[in-house]
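J.: Here it is: the structure, laid out below.
No lab work stands behind these numbers, since they all come straight from the coordinates. The model shown is predicted, which means the values in this text are computed figures rather than measured ones. No Cβ is skipped: glycine too gets one built from the backbone with ideal geometry, and neighbour counts run over all protein chains shown.
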Amino acid sequence: MAVVEEDAAPSAGPAAGSSDNEITVEEASFVHSEPPQDGSAPPVVSSDMEVLHDKVKKQVIKEGHGRKPLKFATCFVHYRAWVQGSSHKFEDTWQEQHPIELVLGKEKKQMSGLGIGVGSMKSGECALLHVDWELGYGKEGSFSFPNVPPMADLVYEVELIGFDDVKEGKARSDMTVEERVATADRRKIEGNAYFKEKKLEEAMQQYEMAIAYMGDDFMFQLFGKYRDMALAVKNPCHLNMAACLIKLKRFDEAIAQCSIVLSEDESNVKALFRRGKAKSELGQTESAREDFLKAKKYSPEDKEILRELRLLAEQDKALYQKQKELYKGLFGPRPEVKPKKANYLVVFWQWLVSFILYLARMFKRKKE
């Protein structure tokens, strides 16, 4: 079952519940923006230093694509921030799993250096920014959250997920529900177009931006038809991301995306199928079987679900045979019982005793 909302590729799985708002993919899969190193310290980058401003310098970690954002563009970024020359990391949006929204030219004063750096980037680009304290948290620093010492030069590891020039600097918080849903839906459609071209990372960036418009704080305020309207865009994006992740063999992340959908809709067949598929790839056989059986409950005739259950049964049978052969080889065949060789001396003495007794009886009879 490889249906991704706003389908972008031929299906390799069940099409149960598919609609015009979904993409069908071969062997569903998901990719989430991910920084290249573990994040405990700024990454070591060997690329040339580019001077963007006398207080801001940049080193490219990964090239992006397309054009750069214009002034007042709404940019969606992930970043980590450290005090330069130390291991003090004071922010990490990857850890929080929520990209931030940055309107270029309208960013907070302490983020002006970050804004200059982001304005020089393309969608999908990752870079290391070196920002002097004057364009960071200034002479006083920050003693609340984030905790930044006075006059601290900063290092940012940044990824520009994407940007939106539409509405010229209109932040999400200033949009109506309809505007946010419409913008997210447009991003989803663009993601599906990238998916069809097998540009999985670009597709993921669009899906992630769409989901950013449907953040938890926004969804919490919605009820009734507005919540249904938002979920009709948000859930397909999670499923499409899961499809990309499976293709990229990032199965744990695919499971997480499907679980988000199932927290809203526990009977979602696509989410159950894809989560089962990812678990199966990780060797979590019993948990995968449980997801497939739940999916079968809601879509009993789905051929792909039945196929996956049959594959799991065949795997179980093959494993049993393998274990049987292993144990057989370990303990070896049962030894055959061999007849004991006769002891001819014992046999002779038994015969002799019997013969003597026979003669004794015959002698006794004659005597009587």
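J.: Can you give me the distance in nm between label points at GLN221 and ARG307, each placed 7 Å from the Cα along the Cα-to-Cβ direction?
T.: 4.5
J.: Let me ask another. Just to be sure I understand the model, the point goes 7 Å from the Cα along the line to the Cβ. What's the resulting LYS196 to GLN97 distance in nm?
T.: 3.1
J.: Would you mind putting 193-205, 306-318 in packing order, based on average other-beta-carbon counts within 10 Å, highest first?
T.: 193-205, 306-318
J.: Right, next: Counting only residues 5 or more places away or on other chains, whose amide H sits under 5 Å from the amide H of VAL148 once H atoms are built in the peptide plane?
T.: SER142, PHE143
J.: Also, quick follow-up: In what sequence, highest mean first, do 240-246, 288-294 appear when ranked by Cβ atoms within 10 angstrom?
T.: The most tightly packed comes first, giving 240-246, 288-294.
J.: In nm, to one decimal, how far is the ASP265 label point from the LEU282 one, both placed 7 Å along Cα→Cβ?
T.: 2.3
J.: If you don't mind, another one. Rg over Rh of region 172-323, using C-alpha atoms and the Kirkwood radius, what does it come to?
T.: Radius of gyration over Kirkwood radius for region 172-323 works out to 1.05.
J.: Something else about it: Only Lys, Arg, Asp and Glu count, each charged at its Cβ (+1, +1, -1, -1), so figure out the dipole size of region 172-323 about its Cα centre, rounded to 20 debye.
T.: Computed charge dipole of region 172-323: roughly 580 debye.
J.: Quick one: net charge around SER123, please, counting Lys, Arg +1 and Asp, Glu -1 for every other residue with C-beta under 13 Å from its C-beta.
T.: After counting each charged neighbour, the total is -3.
J.: Among MET241, MET229, CYS258, whose Cα sits farthest toward the positive end of the charge dipole of region 218-296 (+1 at Cβ of Lys/Arg, -1 at Cβ of Asp/Glu, about the Cα centre)?
T.: It is MET241, whose Cα lies furthest towards the positive end.
J.: Measure up LYS188/LYS225; LYS225/LYS277; LYS55/LYS122; LYS57/LYS139; LYS62/LYS89; LYS279/LYS303 against 23 Å on the Cα-Cα distance and list the ones that go over.
T.: Violating the 23 Å limit, Cα to Cα: LYS225/LYS277.
J.: I'd like the FRET efficiency for ALA171 and ARG67, computed as 1/(1 + (r/R0)^6) with the beta carbon distance as r and R0 of 25 Å, rounded to 0.05.
T.: My answer for the efficiency is 0.70.
J.: Got the relative contact order for region 172-323 handy, in percent, Cα pairs under 8 Å and 6 or more residues apart? Working shown, then result.
T.: Working: 152 pairs, mean separation 21.4, N = 152.
Taking the mean separation of contacting Cα pairs over the length of region 172-323, I get 14 percent.
J.: If you average the sequence gap of Cα pairs under 8 Å that are 6 or more apart and divide by the length of region 49-164, what percent do you get for the contact order? Please report the intermediate quantities before stating the final value.
T.: Working: 286 pairs, mean separation 41.3, N = 116.
Answer for region 49-164 is 36 percent.
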